[in-house]
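Colleague: Below are the structure tokens for one structure; questions will follow.
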Amino acid sequence: MLAEKELVAALQTDGSRDEAFRQLVTQYKERLYWQIRNMVLNHDDADDVLQNTFIKVYRNIDSFRGNSKLHTWMYRIAANEAITFLNKKAKRNNISIENLKSEAVRKLETDVYFDGDAFQRHFQKAIATLPERQQLIFTMKYFSEHTFEELSEILETSVGGLKSSYHIAVKKITEFVKNNEIK
Amino acid sequence: MSKKKHIPKFEVPQDYFSNFEDQLFARLEEEQFPATPGFRIPNGYFDGVESKIIKKVLADKKHKTIPLFQRNYTKYAVAIAACLVIAISIYNRNDISEQTINNIQLSKIDSYIDDGNLEMDLYELTHYLNDLGDLDLNLNDATISNTAIEEYLMEHAEGDFWMDIGVD
């Protein structure tokens, strides 16, 4: 496996691009998949977004300037692709993004690729009530286990701002879980 | 003889103590949350997805349309045209004539876009804007900086924007 700097150089060179890209996919597919999955909930949607993400990375690799780390840039693309996907899906179905997310959580009950219990479903319901950006911050911190410093680079937001948003999200989720019956 | 009190000269981040309680209680609340989201994946998914992605990327490369114009300046002209479309929608102008915009052959750009040759997405467009540097577009009395356009793109990238420039 190439170190990130060499990988970027190989990706930006015609002769070595395709092989370097294969390495990139091998290295990052799982981390990106789970980040996306935690945002879109459904496996098929996550699969689509993951592919879109890598295609976007391939198409835009020449314009990657190295102002951030490569994996930071990729996480950012993945987050944007997931949000774009959800917005488009909501628009196609003529519903709000909030209703789309509620529907996605409701479908977990019969989803063959969800083997969580009622409390885990309830937890997803709570997350779905958060504003979009707060959901993103919460899921990336809690499930993907990014540090606040990493998140700060990915989301281009201050560490202080992220911590504040995250802790508010935790409070809201706790309140939701306490005040709503598990169904 | 009295003992000198040793006070260590440590410092703490700003607002550390005022934020400490919030952070501590948030951590305690998190202890009640499920450790995993409960998602699973089809057997062999990660083995298969890699070849799917590579296939798609290579197919994408093969079907990339040969541009009408070989020189890179066309992409900049298209970027400028897209910015003008946004500017028009911001300032509610529908009657642009070629006399008001110098040196941009709009009909050629329109044909280029209509023929599906504009495979540019938000990232590519904003990168072209970065390449243009500090370009201020003057639309009669209105001046729009490329920073304002970039922010507008970031906020309104979906829906109308994509329909306006014919990108799927």
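Just so you know, all these numbers are worked out from the coordinates, no wet-lab data involved. Every value quoted in this text rests on a predicted model; they were computed, and no experiment measured them. With ideal geometry, Cβ positions are generated from the backbone for all residues, glycine too; neighbour counts draw on all protein chains shown.
Colleague: Looking at A:N38, A:N87 in this structure, which one is within 12 Å of chain B (Cβ to nearest Cβ) and in contact (Cβ under 8 Å) with a residue 40 or more places away in the chain?
Modeller: Within the list A:N38, A:N87, the selection yields A:N38.
Colleague: So in segment A:132-147, with the set limited to residues that are hydroxyl-bearing (S, T, Y) and within 13 Å of chain B (Cβ to nearest Cβ), which one is surrounded by the fewest Cβ atoms within 10 Å (Cβ to Cβ)?
Modeller: In this case the residue turns out to be A:S144.
Colleague: For segment A:149-174, enumerate the residues that are closer than 15 Å to B:Q23 by Cβ, within 11 Å of chain B (Cβ to nearest Cβ) and among the hydrophobic types (A, V, I, L, M, F, W, C).
Modeller: Within segment A:149-174, A:V159, A:I168, A:A169, A:V170 qualify.
Colleague: OK, next. From the list A:L108, A:L100, A:L130, A:L151, which one is touching a residue at least 40 places away in the same chain (Cβ under 8 Å) and in a helix (DSSP H, G or I)?
Modeller: A:L108
Colleague: Give me the residue from segment A:2-27 that is of a type in the set (A, V, I, L, M, F, W, C) and in a loop (DSSP other than H, G, I, E, B) and, out of that set, nearest to the other protein chains (Cβ to nearest Cβ). Talk me through it step by step, then tell me what you get.
Modeller: So the first thing to find is which residues in segment A:2-27 are of a type in the set (A, V, I, L, M, F, W, C), and the list is A:2-3, A:7-11, A:20-21, A:24-25.
Cutting the leftovers down to in a loop (DSSP other than H, G, I, E, B) gives us A:2-3.
Numbers: A:L2: 17, A:A3: 21 Å.
Applying the filter and picking the extreme gives A:L2.
Colleague: Anything in segment B:27-44 that is of a type in the set (A, V, I, L, M), in a loop (DSSP other than H, G, I, E, B) and more than 7 Å from chain A (Cβ to nearest Cβ)? List them, or say none. First the steps, then the outcome.
Modeller: First pass over segment B:27-44, keeping only residues of a type in the set (A, V, I, L, M): B:28, B:35, B:41.
Next, only the ones that are in a loop (DSSP other than H, G, I, E, B) stay: B:35, B:41.
Result: B:A35, single match.
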